[in-house]
Amino acid sequence: MADQKKTDLLIIGSGPAGYTAAIYAARAGLNPVLVTGAEPGGQLMITTDVENYPGYENAIQGPWLMEQMEKQAKNVGTEIIFDYINTVDFSKTPFTCKGDINEYVAKAVIVCTGAKARWLGLESEEKFKGFGVSACATCDGIFFKGQDVAVIGGGNSAVEEAIYLSKICNSVTLIHRRDKLRSEKVLQDKLLNTKNIKVEWNHELDEVLGKDGPKAVTGLRLKSTLDSKTKEIKVDGLFVAIGHDPATEIFKGKLDMDSEGYLVVEKGGTKTSVKGIFAAGDVQDKVYRQAVTAAGQGCMAALEVEKFLQE
């Protein structure tokens, strides 16, 4: 039988939002308990060089940044537990969340479970993640300045990333498995009128080509969706932009979500549809999805929890 742990504040998730919420909550004397989840550190754990997080002169490693946030959260008084929450009961207070190790009873909860980029599931894609394969152009595009890259996808995210990369890279190849894009017309027009963007219609990624020592992407093998013929193209980097999925499965029926599964919060804040439950980071933000905005929302959530518990 799982042990029961009682706390004023439970934080579920350990990315920038979770750790920042923990730092602010601990400094406010709330003695927060943070449950890391299955992947402590979140998406930054697969990001090698981070150049856009304020306060660092040079590029830093994503895993190192998460390690520093974890240490800071611990140092100011957060209890960090490596556990995974699999069921929640938000129907009454105090709230109950059950993990693999403990059962947690809390007066307030901050959900920071994040979101995961959708991947194609190829073995070669997995091999080169962080070594030329990325799911975030605004995070990693600068590392391909003046080089040739490809983007997979056909929706708004893919088109926006291709346009963004066209300003940095020598050339961008957008690869789409159909013969027309799903993105907004204004974005399509902009993309098709950008000189250094080429579209590979009716193709899908068959394999990421690369080398070892040092590990790097050198090209892609594409397969036609019309006749299954393959061809190879040379690129230095690949951006997979087929969408993100928020980690909200256990909150279905417990908290209000939008049509894509993101938690709905009060405009300009972090309050969810249940009083005493707050959400921060990519679990509720499908627009910006940056480490710094997630951290900012973690701060907001902790301040709102402090006020909630005082009331």
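This table checks each residue for (1) under 23 Å from Tyr53 (Cα atoms); (2) of a type outside the set (Phe, Trp, Tyr); (3) under 21 Å from the mean Cα position of the chain (by Cα); (4) outside the structural domain of Leu30 (by TED's automatic domain parsing).
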{"position": "Leu205", "(1), (2), (3), (4)": "no, yes, no, yes"}
{"position": "Lys223", "(1), (2), (3), (4)": "no, yes, no, yes"}
{"position": "Glu260", "(1), (2), (3), (4)": "no, yes, yes, no"}
{"position": "Thr272", "(1), (2), (3), (4)": "no, yes, yes, no"}
{"position": "Gln297", "(1), (2), (3), (4)": "yes, yes, yes, no"}
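Test Gln4 against the criterion of being in a helix (DSSP H, G or I) and exposed (fewer than 15 other Cβ atoms within 10 Å of the Cβ), and give yes or no. Full working, then the answer.
Details: in a helix (DSSP H, G or I): no; exposed (fewer than 15 other Cβ atoms within 10 Å of the Cβ): yes.
The answer is no for Gln4.
Quick one: in the stretch 245-259, which of the residues that are out of contact with any strand residue (DSSP E or B) (no Cβ under 8 Å at 6 or more places or on another chain) and among the acidic types (Asp, Glu) is farthest from Ala38 (Cα to Cα)?
Taking the stretch 245-259 first, the residues out of contact with any strand residue (DSSP E or B) (no Cβ under 8 Å at 6 or more places or on another chain) are 249, 252-253, 258-259.
Those still in the list that are among the acidic types (Asp, Glu) too: 249, 258.
Working: Glu249: 14, Asp258: 24 Å.
That would be Asp258.
Only one of (1) assigned to a loop (DSSP other than H, G, I, E, B); (2) out of contact with any Leu (no Cβ under 8 Å at 6 or more places or on another chain); (3) closer than 30 Å to Met300 by Cα; (4) not charged (D, E, K, R) is not met by Gly213, so which one is it?
Failing condition for Gly213: (3).
Go over the candidates Gly237, Gly219, Gly210 one by one and state the one that is within 23 Å of the chain's Cα centre (by Cα) and either of a type outside the set (D, E, K, R) or more than 30 Å from Ile60 (Cα to Cα) (or both).
On the way: Gly219 fails: within 23 Å of the chain's Cα centre (by Cα); Gly210 fails: within 23 Å of the chain's Cα centre (by Cα).
Residue meeting the stated conditions: Gly237.
On the basis of being at pLDDT below 95 and either in a helix (DSSP H, G or I) or on the phi > 0 side of the Ramachandran plot (or both), does Gly77 make the cut?
Working: at pLDDT below 95: no; either in a helix (DSSP H, G or I) or on the phi > 0 side of the Ramachandran plot (or both): yes.
When the stated conditions are applied, Gly77 does not pass them.
Identify the residue in the stretch 169-215 that is of a type in the set (Val, Ile, Thr) and modelled with pLDDT of 95 or more and, among all such residues, is surrounded by the fewest Cβ atoms within 10 Å (Cβ to Cβ). Write out each step before concluding.
Of the stretch 169-215, the ones of a type in the set (Val, Ile, Thr) are 172-173, 175, 186, 194, 197, 199, 208.
Cutting the leftovers down to modelled with pLDDT of 95 or more gives us 172-173, 175, 194, 197, 199, 208.
Numbers: Val172: 29, Thr173: 22, Ile175: 25, Thr194: 15, Ile197: 20, Val199: 19, Val208: 26.
The selected residue is Thr194.
Give me the residue from the stretch 258-308 that is assigned to a helix (DSSP H, G or I) and among the β-branched types (Val, Ile, Thr) and, out of that set, surrounded by the fewest Cβ atoms within 10 Å (Cβ to Cβ). I'd like the intermediate steps shown before the answer.
Taking the stretch 258-308 first, the residues assigned to a helix (DSSP H, G or I) are 281-283, 291-308.
Okay, now just the ones that are also among the β-branched types (Val, Ile, Thr), so 283, 292-293, 305.
Values: Val283: 30, Val292: 14, Thr293: 17, Val305: 28.
The residue in question is Val292.
The values are calculated or read from the model by the stated rules, or taken from the named source; none is laboratory data. Worth saying up front: this structure is predicted, and the values here are computed from it rather than measured. No Cβ is skipped: glycine too gets one built from the backbone with ideal geometry, and neighbour counts run over all protein chains shown.
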